[in-house]
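Trainee: Below is a structure I'd like to ask you about.
No value in this document is a laboratory result; all are computed from the given coordinates. All values reported here derive from a predicted model rather than from experimental measurement. A quick note on method: Cβ atoms are made from the backbone with ideal geometry, for glycine too, and the neighbour counts reach across all protein chains shown.
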Amino acid sequence: MPNLGTRAAAPSFHRHLTEQQWREQAAAPSGNFIGLWCDDDNAYHLCWDRQSPVLYSTPLIDRRYFGLSHATRAASLAERVALELWGAMPLDALSDEPLLDHEKWLSVWPLSRRALPSAASSALLTRDPLFTATSRPGLLRKSHSGLRVGRSHRGLHKRLLEKSITEALQMVGRLASGETVSAPLVMAQALEACHGIGISPRDRDGRLILAEVERLRVHFESIIAVARLTGQELLETHAALILRKCEQACAEHAGGHHMMGCIMLGGMSPAIDATALAKAIISTLPARLPLLVKLISHAETVLTRRATVPRHRAEAHLLRGVNGRASGYKGDLRLMRRDPRFTIKLDALSLKGDAYARLWNRYHEITESLAYLTAIHDHDTHEIDIARPVVYEAHEATSFIEGARGESWCWVKCQDERLTHFHLQTGSFNTLPVLLELCLAGEDEQFLEASFAYSPAGAEL
């Protein structure tokens, strides 16, 4: 089996469409939608075609393109983001309501070469037009016409373009708060595919270990936050104790409890001892799970039917990952990882789509992660087929993984080992449409962040 990043002849999965071809595609509802984004010249649409991610693009004409959201509701949020950052106007779109800019940005269309000074620019001078004049905490803010995202955009795109691929990866690892493994990992895989960089079986397994440990940390953090907000003190205390053990192992063997900077091109940081990390986790955590099960069951009355996402809403928003599976929406990118040491089980513990279902499904993934860590630690193998990135054209690739917060995707184009184009979409961004809808229905913002393991910093990269 070839290593990740081995260059092979591949069909052209980047399909360049005329305006009419794009319009015909936009008019057809798609349950295979992955993402949409724009730059100054083109609109891009990434979707599944059988078992492969296919990228479509079309030139912008007078900054306009035909939007997808009229037929595919899940595309609406991405269209609004592209309009604010690039000035790309989606025709026939569901909404053009601002999402990120609360009239505090110093530039209109800040990522575009056609950026213009905004009204806020006279109030504050800065070298970076993506810094806001003020920044308020919170997931959402109410405006006269609805709800918007409340934290300021991170401006990652502007900071990374024209950086060397090594510098770009390091910056993603520092800025992707809450996704310090999955975000740089998905980008590293795409960059490695572009440049034909392979990794050793040891580093491959080390990355798998780091990804599973991050999954454990995120799930325990979600359980703790939900317990704290609903008065489940014993559950909060016990989950916090388990998390502390996990963080201690990370601090000792992974360079810090956040595992920041652990992913590097072609492998991992030399400071990482992934084998020792796996051993520390599997020797400490499993014995504490029986009590965790009992305490989760005691939270049933306060979590049942709260923040419910029925299956039809999960399907409409294409809510994937553990949050989607708790609503009965099938799909798991981990199944594309064919590892003879361990097989993913699709048995969801609850499909009711409420906060209690999400809690049980997080527990289910915790047990699977621990079992997978045990399998990796106990058995070496070269016969593993990780879901490899798709190389479209020369120095252009897309990569994907599923983390604890959902699916993460990265598309990159490089020239002379410098990043010229990229799009990074995290699991938190994919969760955001559902959170907006639940907030409009009156659900508590902090509770939603906890129950869905939402990371504002990850969503607004």
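Trainee: What's the extension gain from residue 441 to residue 164 if we count 0.36 nm per residue and subtract their Cα-Cα distance?
Mentor: Working it through step by step, the gained length comes to 95.2 nm.
Trainee: The chain: D in µm²/s via Stokes-Einstein (Kirkwood Rh, Cα pairs, 20 °C, 1.002 mPa s)?
Mentor: Numbers: Rh = 22.6 Å.
So the translational diffusion coefficient is about 95 µm²/s.
Trainee: Okay, next question. Tell me the mean residue ellipticity at 222 nm calculated for the chain from its helices only (DSSP H runs of n ≥ 4, each -39500 (n - 2.57), averaged over every residue, nearest 500).
Mentor: Calculated from helices alone, the mean residue ellipticity at 222 nm is -12000 deg cm²/dmol.
Trainee: Lysine pairs in the chain with Cα distance under 23 Å, only those 8 or more apart or on different chains: how many are there?
Mentor: For the chain, qualifying lysine pairs total 11.
Trainee: Got a sec? How would 95, 57, 76, 451 order by Cβ neighbour count within 10 Å, fewest to most?
Mentor: Ranking 95, 57, 76, 451 by Cβ neighbours within 10 Å, fewest first, gives 95, 57, 76, 451.
Trainee: Also, quick follow-up: What residues have an amide H closer than 5 Å to that of residue 93, excluding those fewer than 5 places away on the same chain, when H is modeled at 1.01 Å from N in the peptide plane?
Mentor: Under 5 Å from the amide H of residue 93 lie the amide H atoms of 67, each far enough along the sequence or on another chain.
Trainee: Quick one: 58, 284, 230, fewest Cβ neighbours within 10 Å first, how do they rank?
Mentor: Neighbour counts put them in this order, fewest first: 284, 230, 58.
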